[in-house]
Amino acid sequence: APHVYEGLGGHDLGHRGQAVVFEEAGYSLLGPHALNCAAPDEGNMHLLSVVASPEQREEYLRPLAAGDVRSCFAMTEPPPGAGSDPSALRTRAVRVDGGWQITGRKWFITGADGAAFAIVMARTSDDLRGDEGATMFLVDADNPGWRVERVMDVMDRSFPGGHAEVALDDCFVTDEAILGEAGLGFRYAQVRLAPARLTHCMRWLGLARRALDIALDRTAERELFGSPLGELGMAQQLIADSVIDLETSRALIWQAAWALDNGAPGRHETSVAKAYVAEAVNRVVDRAMQLTGGYGMSGESPLGRFLGEIRPFRVYDGPTETHRWAIARRALRRRAAAR
């Protein structure tokens, strides 16, 4: 847990320090888990460290930082519920005697199977306005109203507990389960969202770098048409394009990390980084498979597994298209304000 403050056994690294360490951890699919900086726990640790009460930090953050338990973040819902558009949130929490009753369904909840607790986003108002109207709740996995119905069949398999569909049926929690202040869940989600999308970029950049290294080793030893594969012009173009993608991705990550370390919200910087890196790491792994030919397509190589793990990143934490839409809107607003 290098991102967690020292009082909980971490190294209290800033976002720029995390960028270096998380990339190195991501060089192996096992690295983020070994360092206890994998999603969704890493993002939940950050959220709890900022928003949770002292009692909640002791009960939930301390064992999570120590690696004694896992957690999940329950936001995404089956259609027509919340996905890329959080305002479509349908899971509802209503006031009852002694606390709240939560009812709804969630899916693609990473790590839900085997998690000790969940951070659940639920509507607590009929009217969602801006960042108000939803609330985050801490729900223990042994709560009788929380039920993991199934682990979904998905293409990425490196997350412990997989991605699950969850039902909340009259799930009762007390007021002490509210994370932060009631009605401000979307506002607190921003605390988690920008750093978490950036740490995904860091980790997958490491895996893409590994993919290129595998391709470089293969092209150095493979001979075709009387010369090493690496000396052929078309192979060199694939290699060069991958180097450019990796270097550009790292620069965007570091720029966004610098903004977060200096107190900026980082929404724009992390959105740009996420949109670019998600596409770039897919290109790098795909080129590596092309360079290694049949070897890359087979179980003799880990490249096919890498592609299966990286491909969903173009969708989760905001599809590339959603980020491009937001980036363009911000650019238009800035230009209009400057006239």
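The values are calculated or read from the model by the stated rules, or taken from the named source; none is laboratory data. Being a predicted model, the structure only gives us computed values, none of them experimental. Every residue, glycine as well, gets a Cβ built from its backbone with ideal geometry; the counts of neighbours run over all protein chains shown. The area values use the complete protein model at the heavy-atom level, side chains included, leaving out ligands, DNA and RNA. Shrake-Rupley method; radii C 1.70, N 1.55, O 1.52, S 1.80 Å.
Where in the range 65-92 does the amide nitrogen come within less than 20 Å of the point 7 Å from the Cα of Arg129, taken along Cα to Cβ?
86-90
State, as an integer percentage, the relative contact order of the range 72-230 based on alpha-carbon contacts under 8 Å between residues 6 or more apart.
Details: 293 pairs, mean separation 34.3, N = 159.
Taking the mean separation of contacting Cα pairs over the length of the range 72-230, I get 22 percent.
Between Val94 and Asp140, what is the label-to-label distance in nm when each label sits 7 Å out along the Cα-to-Cβ direction?
Between Val94 and Asp140, the simple spin-label model gives 2.5 nm.
Please name which of Phe306, Ala220, Ala240 has its Cα lying farthest along the dipole of the range 180-327 towards the positive end, using unit charges on Cβ (Lys, Arg +1; Asp, Glu -1) and the Cα centre as origin.
Of the candidates, Phe306 comes out farthest on the positive side.
What is the extension gain from Gln290 to Ser28, computed as 0.36 nm multiplied by their sequence separation minus the C-alpha to C-alpha distance, in nm to one decimal?
Details: separation 262, 0.36 × 262 = 94.32 nm, distance 2.07 nm.
In short, 92.2 nm is gained.
Which value, in debye to the nearest 20, gives the size of the charge dipole of the range 22-111 about its Cα centre, when Lys and Arg are +1 and Asp and Glu are -1 at the Cβ? It would help to have the intermediate numbers written out before the result.
On the way: 8 positive and 11 negative charges, 93 e Å.
Taking the Cα centre of the range 22-111 as origin, the dipole is about 440 debye.
Could you sort 168-175, 34-41 so that the peptide with the highest average Cβ count within 10 Å comes first and the rest follow in order?
Descending mean neighbour count gives 34-41, 168-175.
Going by average Cβ density within 10 Å per residue, which order do the peptides 152-164, 189-201 take, highest to lowest?
Numbers: 152-164: 16.2, 189-201: 23.0.
With the highest mean Cβ count within 10 Å placed first, the list reads 189-201, 152-164.
Taking the Cα centre of the chain as the origin and placing charges on Cβ (Lys, Arg +1; Asp, Glu -1), which of Gly99, Ala118, Ser249 is farthest toward the positive end of the dipole?
Working it through, the farthest residue towards the positive pole turns out to be Ser249.
For the chain, with all protein chains present and a 1.4 Å probe, just round the carbon and sulfur fraction of the accessible area to a whole percent. Walk me through the numbers before you get to the answer.
Values: 8220 of 15720 Å².
Of all accessible area on the chain, carbon and sulfur atoms account for 52 percent.
Remind me, relative contact order of the chain in percent, using alpha carbon pairs under 8 angstrom and six or more residues apart?
On the way: 603 pairs, mean separation 55.8, N = 339.
For the chain, the relative contact order is 16 percent.
Remind me, relative contact order of the range 1-94 in percent, using alpha carbon pairs under 8 angstrom and six or more residues apart? Write down the numbers at each step before the final one.
Numbers: 88 pairs, mean separation 20.5, N = 94.
Dividing the mean separation by the residue count of the range 1-94 yields 22 percent.
Can you figure out the FRET efficiency of Met152 with Phe225, using R₀ = 56 Å and their beta-carbon distance, to the nearest 0.05?
Working: r = 46 Å, r/R0 = 0.81.
Once the sixth-power term is evaluated, E becomes 0.75.
Treating only the Cβ of Lys, Arg, Asp and Glu as charged (+1, +1, -1, -1), what charge dipole size does the range 62-211 show about its Cα centre? Round to the nearest 20 debye. Numbers along the way, then the final one.
Working: 18 positive and 20 negative charges, 162 e Å.
Roughly 780 debye, rounded to the nearest 20.
If we sort 19-29, 90-100, 217-227, 314-324 on the protection proxy, mean other Cβ atoms within 10 Å, highest first, what's the order?
Working: 19-29: 20.5, 90-100: 15.5, 217-227: 12.2, 314-324: 17.4.
Ranking the peptides 19-29, 90-100, 217-227, 314-324 by packing returns 19-29, 314-324, 90-100, 217-227.
Using the Cα centre of the chain as the reference point, and only Cβ charges (+1 on K/R, -1 on D/E), how large is the resulting charge dipole? Debye, rounded to the nearest 20.
Details: 37 positive and 45 negative charges, 277 e Å.
So the dipole magnitude of the chain works out to roughly 1340 debye.
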